[in-house]
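Chemist: Please see the structure below; I have some questions.
Here, each number is a calculation from the coordinates, and none is a lab measurement. What you are looking at is a predicted structure, and each value in this text was computed from that prediction instead of being measured. Reconstructed Cβ throughout: ideal geometry from the backbone, glycine too, with neighbour counts over all protein chains shown.
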Amino acid sequence: MRLYILHKTHYRYPSPVCESFNELRLHPLTNDWQSCESCFVSVLPTTQVRQYLDLNGNLVHHFEIPNDHSKLLIESRSTVGTQKRVDFDNLPYGATMKSLHEVEGNPNCRPYLQSSNFIDISPGIWRMAVDIQENSKDVFQTAYQIMEYIYLNFEYCVSTTSVNTHANEVLERKKGVCQDFAHAGIALCRCLGIPARYVSGYFYDPTRDQSMRGSGASHAWLEVLVNGSGWFGLDPTNNRVVDDNYVIIGSGRDYRDVSPVTGTYFGRLPESMKVDVQVKRLDS
Amino acid sequence: MNPNTFENYQTENFFDEMFGNSNDSNIFEFYKPIYDRITDLTESEFEQKKKQADSSFLEHGVTFTVYGDDIGTERIFPFDLVPRVIPDKEWQKVEQGLRQRILALNLFLNDVYHGGKIISDGVIPEEVVKTSAHFRKEMVGFDVPQDIYIHVCGSDLIRDEKGKYLVLEDNARCPSGASYLLENREIMKKTFPRTYQKMSVRSVEEYPEILLRSLENLTPRKLQKPVCVLLTPGVYNSAYFEHTFLARQMGIEIVEGKDLIAIDGFVYMRTTQGLVQVDVIYRRLDDEFLDPLFFNKNSLLGVSGLMDAYLKGNVAIANGIGTGVVDDKVTYAYVPEMIHYYLGQDPMIEQVPTYLCWREKDRKFVLENLSELVVKSANESGGYGMLIGNISTQKEREEFASRIKDNPRDYIAQPIISLSRHPTFCPHGVEGRHIDLRPFILYGEDIEIVPGGLTRVALEKNSLVVNSSQGGGSKDTWVLSN
């Protein structure tokens, strides 16, 4: 599938601000099942934009605007080809929960098994995870049940949480948006010893009535490592195994590692922040 | 001999769009259906198709005007029936490269009219921008609607002897040709209906609709249906046919300066029902003629007070005023730097290496190598004011040398690129003719490019000049969907 994504972020400030330093994680990844043909990131007021690769392998654009400005507009335009990532007739069952101790010592998995900024490993969450696990002895099966549990029991509602809401709070109040659902899923998986990471990206809604969530904004979900089969994406917001309708920007321990726009400036809080994402299918 | 035979076809040393670099006449697979169709035609069938096409153009009034020609003013734009075919993968790359380029150009205009950070950071010399003939200091500090300066851009593309696409120049003022693109397609659909369908050619007919949407996007009033008009210089303009055509296709009024009036910072159109406020003006008139109070005092084509209304934000004008800075061929030389600077990446489509005569070292090189270079005036278009070294006379070269010395800022030079060639009907069979491509990039809520564009062809043998004003013709461009 070829997808085109236009992602606009527009800040307006009540009075001019200055010395704005920003990092953008908006450039889709290229890997085995996804290839980023092009991505153009543009910034207004005009300034020099540079890029680097961060420690998680995500491409970061960064810029500064020293002079006074009362609006900031960030746009990215990406064209991405995606491939069938999972075979739905042959899902990666077979890795047992017992085998998880094998990945425990693997340095590539360690960050995804521990507490991080928005995620705690705690007895309370472990208790909840064990209840969801029930009799499952399979890694993918367990992770799937966690996704389904969140989808069925959590209420999707905007503006009850913020970008800084911790997974503990989400698990307690059972409310939030895709970011919160991903955090909750990661916390539950990690407590059972399943390596889980946070993925930021986009979702193309293939349904005719646009009944899925997350296609009008940047989206987020989690990925779990299934021993011997690699990372698999699970989207608790839509109760879906991640397939070629998803475009990955990048992944990290939690939202903090891959937030699309982050930075500092001197001045008052924005009076408005508008995010608009359009995902369009180019082929067919 | 039949005009539609490939019997004596020679690709010579050029990149041929149908056969590539090979001399063993291995045709590209994607050209096969149309090649077969053409070669299957009998001579009389071919003649009939040709006649049909010509009369359609005449009936539709698809004409243009050549300036400085005393004989006939209006002519049919010569049309060649062999379509240019671009496979989808190839077009995808071109499309993305063009999107990148218009983004950078637009950011550059935002920048130079708002303090010029790219200048203070030392990437582009200040004198390049400030001495540009089309730099409009009236625009400094003004925020154009939606921050978009270039709403319609025609960045001409050529292919070199290896088939690599290169940007030849940018037309960010009033690029014309979209009407020919649409008319050519209409006629090709009638001429080769089955082949057209079989090859699953991507359609171009949405162009007027997308253009109208990009115009409406600029409206200062939040109206369901903003009032957009097309401002033409009038019936004597070379592109008048296009103006009427596009206005009709978009369903908007075509107006001349005298049909508009600016009152108290607003622009109105005189209609039989009284004055109607205008929101967006799609102008097909250069900056200098828009408002006699600001620019050319002798202009009868513009509207007094238009700039005032524009700068007050009460009317939008597309393309924005002052976009000509990027048409300047000296600015062109810096576009790769702009892309690096604003977008932090490399250009996806390269461009022709350019010597700037105001740099002493470049000038010296240019003057010593005039016969191997193309010299162009920085601010002329349409193939006027240019010297092609290898076919020039000693006298022409001397004349250009003295012009360059007198006014180095106004001249640039480029190596002579062997433009790719395309099979074209000629009286004695099909022959290769040089071509370029003018795509039309529309920048509204997002950037949209109709697949392909206008392929222009130099009908004279060995000529490298494809401009209609210099005897060029056109072809339909077929972008295939996978």
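Chemist: With label points built 7 Å along Cα→Cβ from the Cα atoms of A:N135 and A:K175, find their separation and express it in nm.
Modeler: Modelled inter-label distance: 3.7 nm.
Chemist: How many angstrom lie between the Cα centre of the stretch B:190-248 and the Cα centre of the stretch B:434-482?
Modeler: After rounding, the separation between the Cα centres reads 16 Å.
Chemist: Can you give the helix-only mean residue ellipticity at 222 nm for chain B, where every DSSP H stretch with n ≥ 4 adds -39500 (n - 2.57) and the sum goes over all residues, rounded to the nearest 500 deg cm²/dmol?
Modeler: Result for chain B, helices only: -9000 deg cm²/dmol.
Chemist: Moving to a separate point now. Only helical DSSP H runs with n ≥ 4 go in: add -39500 (n - 2.57) per run for chain A, normalise by residue count and round the 222 nm mean residue ellipticity to 500 deg cm²/dmol. List each step's numbers first, then the result.
Modeler: Details: 6 runs with 55 residues, N = 284.
Estimated from H runs of four or more residues: -5500 deg cm²/dmol.
Chemist: Stretch B:N467-B:E372 to full length: gain in nm at 0.36 nm per residue minus the Cα-Cα span?
Modeler: Working: separation 95, 0.36 × 95 = 34.20 nm, distance 2.12 nm.
Taking B:N467 through B:E372 to full extension adds about 32.1 nm, to one decimal.
Chemist: Find which of B:L290, B:V255, B:L300 sits farthest along the positive direction of the dipole of the stretch B:221-314, computed with +1 on the beta-carbon of Lys and Arg, -1 on that of Asp and Glu, about the Cα centre.
Modeler: Ranked along the dipole, the leading option is B:V255.
Chemist: Under 1.5 on a/c is rounded, so check that first for chain B, then, if it is not, pick prolate when a/b is larger than b/c and oblate when it is not; a ≥ b ≥ c are the square roots of the alpha carbon gyration tensor eigenvalues.
Modeler: Oblate shape, in that a/c is at least 1.5 and b/c is the bigger or equal ratio.
Chemist: Going 7 Å from the Cα of B:K162 in the Cα-to-Cβ direction, what parts of the stretch B:331-368 have a backbone nitrogen less than 16 Å from that spot?
Modeler: Taking a point 7 Å out along Cα→Cβ of B:K162, the residues of the stretch B:331-368 whose backbone N falls under 16 Å are B:348-353.
Chemist: Between B:A133 and A:H101, take the C-beta separation as r, use R0 = 56 Å, and let me know the FRET efficiency to the nearest 0.05.
Modeler: That gives a FRET efficiency of 0.15.
Chemist: Shifting gears a bit: Report the charge-dipole magnitude of the stretch A:97-258 in Debye, nearest 20, computed about the Cα centre from +1 at each Lys and Arg Cβ and -1 at each Asp and Glu Cβ.
Modeler: Dipole of the stretch A:97-258, to the nearest 20 debye: 200 debye.
Chemist: Okay, next question. Return the loop-located chymotrypsin sites (Phe, Trp or Tyr not before Pro) in the stretch A:8-116 (DSSP other than H, G, I, E, B) with at most 11 other Cβ atoms within 10 Å of their own Cβ; answer none if there are none. Show your work: numbers first, answer last.
Modeler: On the way: sites: A:Y11, A:F21, A:W33, A:F40, A:Y52, A:F63, A:F88, A:Y93, A:Y112; in loops: A:W33, A:F88, A:Y93.
Passing sites in the stretch A:8-116 are A:F88.
Chemist: With θ taken as phi - 60° and the coefficients 6.51, -1.76 and 1.60, list the Karplus ³J(HN,Hα) couplings across the stretch B:399-412 in order, rounded to whole Hz; mark glycine and proline as x.
Modeler: My calculation for the stretch B:399-412 gives 4, 5, 4, 6, 5, 4, 5, 5, 9, x, 4, 8, 10, 10 Hz in order.
Chemist: OK, next. Straight-line reach from B:K361: which lysines fall under 26 Å, measuring Cα to Cα and dropping same-chain residues less than 8 apart?
Modeler: Reachable lysines: B:K130, B:K329, B:K376, B:K395, B:K405.
Chemist: To the nearest Å, what is the center-to-center distance of the stretch B:396-419 and the stretch B:114-173, using C-alpha atoms only?
Modeler: When both Cα centres are located, 21 Å separates them.
Chemist: Considering only A:P66, A:S122, A:G81, whose Cα is most displaced toward the positive end of the charge dipole of the stretch A:7-134, charges sitting on Cβ of Lys, Arg (+1) and Asp, Glu (-1)?
Modeler: A:P66
Chemist: With each pseudo-label sitting 7 Å past Cα toward Cβ, what's the A:R127-B:K297 distance in nm, one decimal?
Modeler: Going from the A:R127 label point to the B:K297 one covers 8.8 nm.
Chemist: Per residue of A:34-41, what is the mean number of Cβ atoms on other protein chains within 10 angstrom of that residue's Cβ?
Modeler: 5
Chemist: Still on this model: Longest exposed-loop-site-free stretch of chain A, with trypsin sites (Lys or Arg not before Pro), DSSP loop and at most 15 other Cβ within 10 Å?
Modeler: Working: sites that count: A:K84, A:K137, A:K174, A:R208, A:R268.
The answer is A:1-83.
Chemist: Does the stretch B:353-415 come out rounded, prolate or oblate, given a ≥ b ≥ c as the square roots of the eigenvalues of its C-alpha gyration tensor, rounded meaning a/c under 1.5 and, failing that, prolate meaning a/b above b/c?
Modeler: Rounded, because the longest to shortest axis ratio a/c is under 1.5.
Chemist: Answer with one residue from A:Y198, A:S99, A:L188: the one whose Cα lies farthest towards the positive end of the charge dipole of chain A, charges on Cβ with Lys, Arg +1 and Asp, Glu -1.
Modeler: Positive-end residue among those listed: A:Y198.
Chemist: Something else now. Taking 0.36 nm per intervening residue step and subtracting the Cα-Cα distance, what contour gain separates B:V235 from B:I210 on full extension?
Modeler: Here the segment from B:V235 to B:I210 would lengthen by 6.5 nm.
Chemist: Amide H neighbours of B:F77 under 5 Å, at least 5 residues apart or on other chains, H built in the peptide plane: list them.
Modeler: Excluding prolines and chain starts, which carry no amide H, the hits are B:F64.
Chemist: Say we join alpha carbon atoms closer than 10 Å with springs in a Gaussian network model of chain A; which of A:T79, A:T237, A:T47 then has the biggest fluctuation?
Modeler: Sorting by GNM fluctuation, first place goes to A:T47.
Chemist: What is the magnitude of the charge dipole of the stretch B:353-415 about its Cα centre, with +1 placed on the Cβ of each Lys and Arg, -1 on the Cβ of each Asp and Glu, and no other charges, expressed in debye to the nearest 20?
Modeler: 160 debye
Chemist: Evaluate E = 1/(1 + (r/R0)^6) for B:L58 and A:N117, where r is the Cβ-Cβ distance and R0 equals 56 Å; express this FRET efficiency to the nearest 0.05.
Modeler: Details: r = 72 Å, r/R0 = 1.28.
Computed FRET efficiency for B:L58 and A:N117: 0.20.
Chemist: A follow-up question, please. As a quick test, which of the pairs A:K8/A:K71; B:K50/B:K189; A:K98/A:K175 have an alpha carbon distance above 22 angstrom in this structure?
Modeler: Over 22 Å apart, Cα to Cα: A:K98/A:K175.
Chemist: Within 10 Å of each Cβ in peptide B:336-349, how many partner chain Cβ atoms are there on average? Round it to a whole number, please.
Modeler: Mean partner shielding for this stretch: 4.
Chemist: Let me ask something additional. Would you look at the GNM of chain A, springs on alpha carbons closer than 10 Å, and say which of A:C109, A:C189, A:C178 moves the most?
Modeler: Among A:C109, A:C189, A:C178, the largest mean-square fluctuation in the Gaussian network model of chain A belongs to A:C109.
Chemist: Using a simple spin-label model with points 7 Å from Cα along the Cα→Cβ vector, what separation in nm is obtained for B:E126 and B:D143?
Modeler: In this crude label model, B:E126 to B:D143 measures out at 2.6 nm.
Chemist: If you put +1 on each Lys and Arg Cβ and -1 on each Asp and Glu Cβ, how big is the dipole of the protein assembly as shown around its Cα centre, in Debye rounded to 20?
Modeler: So the dipole magnitude of the protein assembly as shown works out to roughly 840 debye.
Chemist: Continuing with the same structure: Quick one: which of B:350-359, B:121-130 comes out on top by average Cβ neighbours within 10 Å, and what's the full order, highest first?
Modeler: Output ranking for B:350-359, B:121-130: B:350-359, B:121-130.
Chemist: I've got another one for you. For the stretch A:101-186, run through the GluC sites (Glu not before Pro) and keep only the ones in DSSP coil with at most 10 other Cβ atoms within 10 Å of their Cβ.
Modeler: Those satisfying the criteria are A:E134.
Chemist: Okay, moving on. Quick one: Cα centre-to-centre distance for the stretch A:13-90 and the stretch A:173-214, in angstrom?
Modeler: One Cα centre to the other: 21 Å.
Chemist: Now for a different question. Can you give the net charge of the other residues whose Cβ lies under 10 Å from the Cβ of A:T165, counting K and R as +1 and D and E as -1?
Modeler: Once all neighbours under 10 Å are counted, the net charge is 0.
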